[in-house]
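Single-structure report; data block below.
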Amino acid sequence: MVHSPTCPHPRFLLVPASEPQFPHLQTPDPGDPVWNVRWALCTRRSSGAAAPGSGATIFALSSGQGRCGIAVIRTSGPSSGHALRILTAARDLPPARHASLRLLSDPRSGEPLDRALVLWFPGPRSFTGEDCVEFHVHGGPAVVSGVLQALGSVPGLRPAEAGEFTRRAFANGKLNLTEVEGLADLIHAETEAQRRQALRQLDGELGHLCRGWAETLTKALAHVEAYIDFGEDDNLEEGVLEQADIEVRALEVALGAHLRDARRGQRLRSGAHVVVTGPPNAGKSSLVNLLSRKPVSIVSPEPGTTRDVLETPVDLAGFPVLLSDTAGLREGVGPVEQEGVRRARERLEQADLILAMLDASDLASPSSCNFLATVVASVGAQSPSDSSQRLLLVLNKSDLLSPEGPGPRPDLPPHLLLSCLTGEGLDGLLEALRKELAAVCGDPSTGSPLLTRARHQHHLQGCLDALSHYKPSKDLALAAEALRVARGHLTRLTGGGGTEEILDIIFRDFCVGK
């Protein structure tokens, strides 16, 4: 492994034994083929991709893989216009941002490839901020492959890496980092709530909020530093420090409110954990199958059919949920079922929302009474500040009840009646689930922007921690430094001063062509 003074990254090179031990210390000879090989290896980035703005033009299929009616192939970079001219054999580029019908041909053989719509987006008014072209071709694999190979034959063009188009948009100031994350979440959104939240973040709501907070800190920092430099003069207005202190304390309150959202935004992005629990034969597996609309669990009249925890991702009332079916809670059974009961209790502790199920026709049984006294009563006794868990009590098998409903139980908590057999009461349960999940995950259509990633929470917590050291009455210099640190966390949240490692992690979630 050697290091070149012109290349900061080490590379493994094949060096003949007759050469000096440290060839990078020798004066390079541009005519030496060995040196030219070394130079080529050193100047090539380890990822194989040029950095944004390096002059490379990239291309990729932006629509999904497989047969489709229309496929979209896009390019970005200074040679985009040249590539469009070569593939369409046209002297002039089409009007900007207008679809034009063109015959695409292979520049090497002149063979027609497809008749397609082409769109020309000259920079900086494009998604990436660079010159861009979109080819809307027929979606057959042969057509797509032919156009991609034709683009690859154009000098100056190379295939794009995953997320490279979006990374160039970020590098050129078209998107900040929270908007990039919103775009990634929108691409991966599977439910209505996820889509709404992703659109809000892509529209820049979280970024605008953080920039407003950063401006507050910048103004307060300017006032503190001005007081440090000119505090003994009469040129400063009275109450400068007091006003800065008021604004900083108000910002602390706002940050604390966002950090107290109990990870709602992260649950909305990755899914809330809903656990179905109850005594044996209450209908837990039937409910899981009903909510997931597929046979996830085995249903049998024999008690204790479910021995392990069965989990399935579902869309419940527009919210992403990881739904868990668990073993019936009871004592005095075999070791295998006891292990299932232990795992069920373990899942209960991890649940965001508990669906507690009882047999409506068997509420007086010892197992039902014990379940009400232990699980339902213990969760219901906790205040929202003590636990983030929520519980819905569902009385199943309502089809077995008399028209008057379940027998009188003055100690029975608020509940919902349901028949998994007939589906009666399902609409009411789904509406109750929607309200509970909106509380657990947050309502993406109202309120302040949610914190959807651990990175957001880390930087806001870091900002709040730094502001706890803001004490201008003790030491103005330390107070100014606290404001600088706090402002730095907000800047990094939206992408300023981010390290390459963090950016790599964020952009690797994108598909090629985005």
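The values are calculated or read from the model by the stated rules, or taken from the named source; none is laboratory data. Computed from a predicted model, the values in this text were never measured in an experiment. Note: ideal-geometry Cβ built from the backbone for every residue, glycine included; neighbour counts use all protein chains shown. SASA here: full protein model, heavy atoms, side chains in, ligands and nucleic acids out. Shrake-Rupley method; radii C 1.70, N 1.55, O 1.52, S 1.80 Å.
Quick notes on this one:
- At full extension, A477 and S378 could sit 30.6 nm farther apart than now, given 0.36 nm per residue minus the alpha carbon distance.
- Solvent-accessible surface ranking, highest first, for I58, I228 at 1.4 angstrom: I228, I58
- Lysines whose Cα lies under 20 Å from that of K397, excluding same-chain neighbours fewer than 8 positions away: K284, K294
- Each of V118, A160, S62 was scored by the projection of its Cα onto the charge dipole of the range 57-172, and the greatest displacement toward the positive side belongs to V118; charges sit on the C-beta of Lys, Arg, Asp and Glu.
- Computed magnitude of the charge dipole of the range 57-172 (debye, nearest 20; Cβ of K, R +1, Cβ of D, E -1): 120 debye
- Cα centroid separation, the range 467-487 to the range 131-163 (Å): 53 Å
- Taking the average, over residues, of other Cβ atoms within 10 Å as the packing measure, peptides 81-89, 469-477 rank 81-89, 469-477 from highest down.
- The heavy atoms of D308 offer some 70 square angstrom of accessible surface to a 1.4 angstrom probe.
- Residue ranges 210-220, 283-293 sort as 283-293, 210-220 when ordered by packing (mean number of other C-beta atoms within 10 Å per residue, highest first).
- Exposure rank, largest accessible area first [D325, D443; 1.4 Å]: D443, D325
- For K219, the lysines whose Cα comes closer than 30 Å to its Cα, not counting residues fewer than 8 places off in the same chain, are K174, K471, K474.
- Dipole of the range 387-495 computed with +1 at Lys/Arg Cβ and -1 at Asp/Glu Cβ about the Cα centre; of L464, A454, C420, farthest Cα towards the positive end is L464.
- Across the protein chains, with a 1.4 Å probe defining accessible surface, the residues I73, I187 rank I187, I73 from largest area downward.
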